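A quick write-up on the structure given underneath.
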Amino acid sequence: MFAIGSTILLGRPSPNPSRGGFSVPFGLPDATPTRMGVYDVSGRERVAQTYSGPGTYMFTLPAGHLEPGVYFVRLQGGRRQVTQRVVVAP
């Protein structure tokens, strides 16, 4: 899925746009604690999960957790950060 180097990698949310639920693949290069968060356009964190350990992962958010709108999926570990946009349709 991902080639792990020295950086965190965040794939595209799928499906996007979503009817509520979506999945995002990502890769971590080392054991630095890393936080996956879903934020609304005002910057409020709506969902979060912490990971540690190198490897590839899949963050899955089931339908019903978010209202329709635009959200940002942010993966942050140490000083490294990557963001993707996802739209939740009505």
#### Entry: Other-chain or far-sequence residues with amide H under 5 Å of residue 66's (modelled H)
none
### Query
With θ set to phi - 60° and the Karplus curve 6.51 cos²θ - 1.76 cosθ + 1.60, what are the ³J(HN,Hα) couplings of region 21-35 in order, to the nearest whole Hz, using x for Gly and Pro?
x, 7, 10, 9, x, 8, x, 10, x, 8, 8, 4, x, 10, 10
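Please go through the chain and write out the trypsin sites (Lys or Arg not before Pro) that DSSP classes as loop and that have at most 10 other C-beta atoms within 10 Å. Let's see the in-between values first.
Values: sites: 19, 35, 44, 46, 74, 79, 80, 85; in loops: 19, 44, 79.
Sparse-neighbourhood loop trypsin sites (Lys or Arg not before Pro): 44, 79.
What is the percent carbon and sulfur in the accessible area of the chain, measuring with a 1.4 Å probe over the protein chains and ignoring ligands?
Numbers: 2530 of 5000 Å².
Within the chain, the accessible surface is 51 percent carbon and sulfur.
May I ask you to give the solvent-accessible area per residue for the chain, in square angstrom, as obtained with a 1.4 angstrom probe? Let's see the in-between values first.
Numbers: 5000 Å² over 90 residues.
Here the residues of the chain average 56 Å² of exposed surface.
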### Task
Could you please report the charge total around residue 34, scoring K, R as +1 and D, E as -1 over all other residues with beta-carbon less than 12 angstrom from its beta-carbon?
+3
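The values are calculated or read from the model by the stated rules, or taken from the named source; none is laboratory data. As the structure is a computational prediction, the values presented were derived from the model and not from experiment. Here the Cβ is made from the backbone with ideal geometry for all residues, glycine too, and neighbour counts use every protein chain on show. Areas reflect the complete protein model, heavy atoms only, side chains present, ligands, DNA and RNA absent. Shrake-Rupley method; radii C 1.70, N 1.55, O 1.52, S 1.80 Å.
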